[in-house]
Every structure is written in structure tokens, then in C-alpha cells.
1. Might you work out the accessible area of VAL124 for me, using a 1.4 Å probe with all protein chains in place, and round it to the nearest 10 Å²?
2. Can you give the accessible area of ASP67 in Å² (nearest 10), computed on protein heavy atoms with a 1.4 Å probe?
3. Can you tell me the Rg and the Dmax, both Å, for the Cα atoms in the range 85-164?
4. Which whole-number value in Å² is the accessible area per residue of the range 91-139, probe 1.4 Å?
5. Measure off, as a whole percent, the carbon and sulfur share of the 1.4 Å-probe accessible area of the range 72-116, all protein chains present.
6. Can you put ASP118, ASP152 in order of accessible area, largest first, using a 1.4 Å probe?
Amino acid sequence: MPSAEFTAGPGSYEIRTDGRLRGTETVHRNPLPLTPEEAVAAFLSDAAATGSALTLEVDAPSRHPADGMPQLPADGAAFCTITVRKTAPDGTLRKGRAHTDQVFLRSTGGTLLGPETDAHVAAVRLKSGRAVFRLVAEAAPRLVTVYAFTADPRLSAETQLEFV
């Protein structure tokens, strides 16, 4: 039977699955949970170790007035453009041959398409530190999470949108 095992730092967690979760086992190991300051330092240290960070930028036409969540009409046709960026710790785009990563994409809803075609995409290739794809809304309201990740497990990002 397939299984997944991972280790994560202290904090709160959310487990997402497309199938059934048959069981979980958690083990708490010392040290005690990080303070917010320690968590930020650990994140910055990890970004420094890879020398890069992956981010997602959404150009959805509207945002929820209370929490700023990007929103698309749940009409089966509306879409937004999502830009993947690979940046250095100082925020500048990572460019050059060493930074032409293939970025894999997943979404809990909607349809992922190329930037200018109706071809379905499961991955994009970074060029000059960025890549672009589109998310087309479903015809039913729901909250959707889009994931982007590379072969290096330290380079991943996610964002949420709401189909309303």
C-alpha cells in the first residue's frame, strides 16, 4: 500500500488529499515549537540555503473586501493569470541558465491552461526568473488552492482563489 512520510517543523498543519486519508500518525519531537521570531529566522535561513524563493502572483479582477482573497466569477469561463517568480533573498528575479527550473502545477479546482493557448498545462518552465499560466474558473462557487513546486522540495509556493 502506498504511503507518504514527511517531517515538518513545529506549527499548525493542514493535510490535503485528492483521495481518502486512511490514517495518520504524528510524532512530536523536541525541540519545543518555534517562537514567531524563530520561525521567520528558519524560513530566511532556508531561503538563504537554496538562495531562492518561489512565489505566485494572481491578477484576479476582484478581491474580497475583508480578507483580500482573489475572486473570479464562478461561470466556467472567467480566468486569471498567475505568474510564478523565482527570486533571490533580496527579491530580485533569478535569471540565467541555472534558474530555468521546470515548475510543476496542481490545483484543487478550475482548469490550468497555457498563457495564450487553451492547452492544459501541468508544468511551466521559468525564463528570466518567471513563468505564466492561466486558471479558468469552474461553474460552481468554491475555494481553490493552486500549488507550484520544483524538483527541489524547498522551492514551492501556493495561493488561494475563490470562485464566486
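The values are calculated or read from the model by the stated rules, or taken from the named source; none is laboratory data. Note that the coordinates shown come from a computational prediction; the quantities given were computed from them, not determined experimentally. Note: areas computed on protein heavy atoms with side chains; ligands, DNA, RNA excluded. Shrake-Rupley method; radii C 1.70, N 1.55, O 1.52, S 1.80 Å.
1. 20 Å²
2. Answer for ASP67: close to 100 Å² accessible.
3. Both quantities, over Cα of the range 85-164: 13.5, 41 Å.
4. Spelled out: the 1.4 Å probe surface of the range 91-139, per residue, equals 57 Å².
5. Values: 1120 of 2320 Å².
Accessible surface attributable to carbon and sulfur in the range 72-116 totals 48 percent.
6. Heavy-atom accessible area, descending, gives ASP118, ASP152.
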